[in-house]
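A quick write-up on the structure given underneath.
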Amino acid sequence: MNISGEMLLGNCAVKGSGSPTYAQNPATGEKLEPAYLSGTKDDVQTACELADKAFDAYRNIPLEERATFLETVATEILVLGDILVQRAVAESGLPQARIEGERGRTMGQLKLFASVVRSGNWLDARIDPAMPDRTPLPRSDLRLRHIPLGPVAVFGASNFPLAFSVAGGDTASALAAGCPVIVKAHPAHPGTSELVGKAIISAADKCHMPEGVFSLIFDSGHDLGAELVANPAIKAVGFTGSRAGGLALMNIAAERREPIPVYAEMSSINPVFLLPNALRERASALAASFVASLTMGAGQFCTNPGLVVGPAGDDLSDFMNNTRAALSESQAQTMLTANIHNSYNNSIGELLTNRAVSEVATGLESTEPNRCQATLFSTTAAQFLTDDSLGNEVFGASALIIQCDSIDEFIKVAEHLEGQLTATMQLNDDDLDLATRLLPVLERKAGRILCNGYPTGVEVCHAMVHGGPFPATSDSRTTSVGSAAILRFLRAVCYQDLPAPLLPVELQTENSLGLTRLLDGTYQT
């Protein structure tokens, strides 16, 4: 399959007519062909009209056919072979092994949601049979199922050119729910996006999906993204990126004549709490594993551990000394784009000029383009609690250590935090009393709570939560990873006293699909 610089409007591959953009290899600065011409408002309108027209046909396709479509998308991505891997490496600066792993994760997500579709549990089918003889009032026949919201706009992410982009988790869960998807490709990896988009279209063709179930648009700025979110055909938005970007989309969605949900993952510093006894016994080991997590992928993960909280004293000093030794040997790594690299350096510059902050350690320097030099800072709990800027996310391999003079300060720091994707406790058995006190606070602050690990690495499974209170995400009730992500794109419908021929197959009395259903208050298959 060739890269041609084309958008995908339903089944049609078309060239844009707006301003051109080029991908750039962040490791070398090389401009990558071809040019990608921005789409127009008319292109957005065409994609939305196709998605709107496809919606009823797609959502009513039998579950087995929808599941097969998702699996076929995974197969078509694999069929792309080396051209996809090589292009993604060139556009992101990420190593080949990382891209191959991310391709596997992308395929795994699609297959997971295929199994979810087949199970039918997400329909949450419920039947309360009529009770005509009930006194003093009879009860109607009431039946409930969940249906998809409608066409979904998905914004590709910069830090995962495959797993959080064109065929990533937002797209997979929306398609699984029965929603057509329009993706706005991230400008940093348009070639990767085009290849994956064509794989989806190929799968849709092979599985006889209605035209408009998927479209892909390119934009040299932000205008088309805003146009897409504002279009009346769009009923929900999936976004992974900056807080500013997420808030902008939320504002557009809220100002529509029909406001719609924006599921935005935006900002998290993922605090790690070093409890006293674990710190005393494992300072060296904790430091080594912390540096490994901090520097993974140049720190360009939304779950990167950007804050460390510990009790001031010799044990924390030991941790810092070990961290300094490990970090001083870490190689500078390529960041995803020149803009991300510049933003990282600006954030580091702000910390270096903050009188409340001390520099603890830095990684090795590099003269190559767009390299991230890992950096570690420290401050006191008193300073952290009075300077809100110290809680800002630094996207890259940087972290801030908070030194607490008492357990009360330890808890105050936790209470002071904004919403997070993750919160981690490093503990041993002698720390359980403090952990018991800390846990309720962390439950209010984070979507995932870890013990004796680090948050980088998000398992794609049924129990995963990749979400959290604002500003980690725009809706703390949801997750963007794991099978529960399908729930974002569904709503409940109750059917009262419908004649049997009109009932959806999921709610018909004979239960031909073999679903687990709540029948008069009891789950039955």
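The values are calculated or read from the model by the stated rules, or taken from the named source; none is laboratory data. All values derive from a computational prediction rather than experimental measurement. Neighbour counts are summed over all protein chains in view; Cβ atoms, including those assigned to glycine, are modelled from backbone coordinates with ideal geometry. The accessibility values were calculated without ligands, DNA or RNA, using every heavy atom of the protein model including side chains. Shrake-Rupley method; radii C 1.70, N 1.55, O 1.52, S 1.80 Å.
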**Item:** Built amide H within the under 5 Å cut-off of Ala23, gap 5+
**Value:** Leu32
**Request:** Provide the per-residue ³J(HN,Hα) series for the stretch 24-39, in order, calculated from phi with Karplus coefficients 6.51, -1.76, 1.60 and θ = phi - 60°, each as a whole number of Hz, with x at glycine and proline positions.
**Result:** 9, 6, x, 6, 10, x, 5, 7, 9, 7, x, 6, 10, 7, 4, x
**Prompt:** Relative to the present Cα-Cα distance, how much length would full extension add between Ser389 and Leu137 at 0.36 nm per residue of separation?
**Reply:** 84.7 nm
**Prompt:** For the chain, what is the relative contact order in percent, using Cα pairs closer than 8 Å and at least 6 residues apart in sequence?
**Reply:** 18
**Request:** Averaging sequence separations of C-alpha pairs under 8 Å and six or more residues apart, then dividing by the length of the stretch 11-54, give the relative contact order as a whole percent.
**Result:** 36
**Request:** Skip the ligands, DNA and RNA, and give the accessible area per residue of the chain with a 1.4 Å probe, whole Å².
**Result:** 41
**Item:** Radius 11 Å from Cβ of Tyr36, net charge of other residues (Lys, Arg +1; Asp, Glu -1)
**Value:** -3
**Request:** Could you tell me the convex hull volume per residue, in Å³, taken over the Cα atoms of the stretch 262-325?
**Result:** 87
**Prompt:** Classify the chain: rounded, prolate or oblate, from the alpha-carbon gyration tensor (a ≥ b ≥ c, eigenvalue square roots; a/c under 1.5 rounded; otherwise prolate if a/b is larger than b/c)?
**Reply:** oblate
**Request:** For the stretch 359-404, state which GluC sites (Glu not before Pro) are in a DSSP loop and have at most 11 other beta carbons lying within 10 Å of their beta carbon.
**Result:** Glu365
**Complete:** Once amide hydrogens are built 1.01 Å from N within the peptide plane, the residues lying 5 or more places from Val309 or on another chain with amide H under 5 Å from its amide H are Val272, Phe273, Leu274, Ile402
**Message:** Contact order normalised by length for the stretch 17-83, with contacts defined as Cα pairs under 8 Å and 6 or more residues apart; what percent is it?
**Reply:** 22
**Fill in**
GluC sites (Glu not before Pro) in the stretch 1-62 lying in a DSSP loop, each with at most 14 other Cβ atoms within 10 Å of its Cβ, come to Glu30
**Prompt:** Going toward the positive end of the dipole of the chain, with +1 on Lys and Arg Cβ and -1 on Asp and Glu Cβ, which of Thr422, Gly178, Asn342 do you reach last?
**Reply:** Gly178
**Asked** Along each of its three principal axes, how wide is the spread of alpha-carbon positions in the stretch 197-355, in whole angstrom units, largest first?
**Response** 64, 39, 32
**Message:** For the stretch 307-358, place one equal point scatterer on every Cα, skip the solvent, and apply the Debye formula. What is log10 of I(q)/I(0) at q = 0.14, 0.17, 0.21, 0.27 Å⁻¹?
**Reply:** -0.57, -0.80, -1.02, -1.08
**Request:** On a C-alpha basis, how far is the centre of the stretch 276-334 from the centre of the stretch 180-200 in Å? Whole number, if you could?
**Result:** 36
**Item:** Separation between Cα centres of the stretch 12-58 and the stretch 379-414, rounded to whole Å
**Value:** 42
**Prompt:** What value does the stretch 435-524 have for Rg/Rh, both radii from Cα atoms and Rh as Kirkwood defines it?
**Reply:** 1.14
**Prompt:** Once phi is turned into ³J(HN,Hα) by the Karplus curve 6.51 cos²θ - 1.76 cosθ + 1.60 with θ = phi - 60°, what whole-Hz value does each residue of the stretch 311-326 show in order, with x for glycine and proline?
**Reply:** x, 4, x, 4, 5, 5, 5, 4, 4, 5, 5, 5, 5, 4, 5, 6
**Complete:** Expressed in nanometres to one decimal, the distance between label points 7 Å along Cα→Cβ at Gln86 and Leu364 is 2.9
**Fill in**
Computed from every Cα-Cα pair in the stretch 13-169, P(r) in 10 Å bins starting at 0 and rounded to whole percents is 9, 24, 29, 20, 8, 5, 3, 1
**Prompt:** Roughly speaking, to the nearest percent, how much of the chain's 1.4 Å accessible area is carbon and sulfur?
**Reply:** 50
**Message:** I need the phi-derived Karplus couplings for the stretch 131-137: 6.51 cos²θ - 1.76 cosθ + 1.60, θ = phi - 60°, integer Hz, Gly and Pro marked x.
**Reply:** 10, x, 9, 5, 10, x, 10
**Item:** Stretch in the chain that is longest and holds no trypsin sites (Lys or Arg not before Pro) that DSSP places in a loop and that have at most 13 other beta carbons within 10 Å
**Value:** 1-133
**Item:** Cα-based Rg / Dmax (Å) for the stretch 321-433
**Value:** 15.6, 49
**Item:** Span from the the stretch 71-90 Cα centroid across to the the stretch 447-493 one, whole angstrom
**Value:** 26
**Item:** Under-5 Å amide H pairs with Gly482, H placed in peptide plane, nonlocal only
**Value:** Cys461
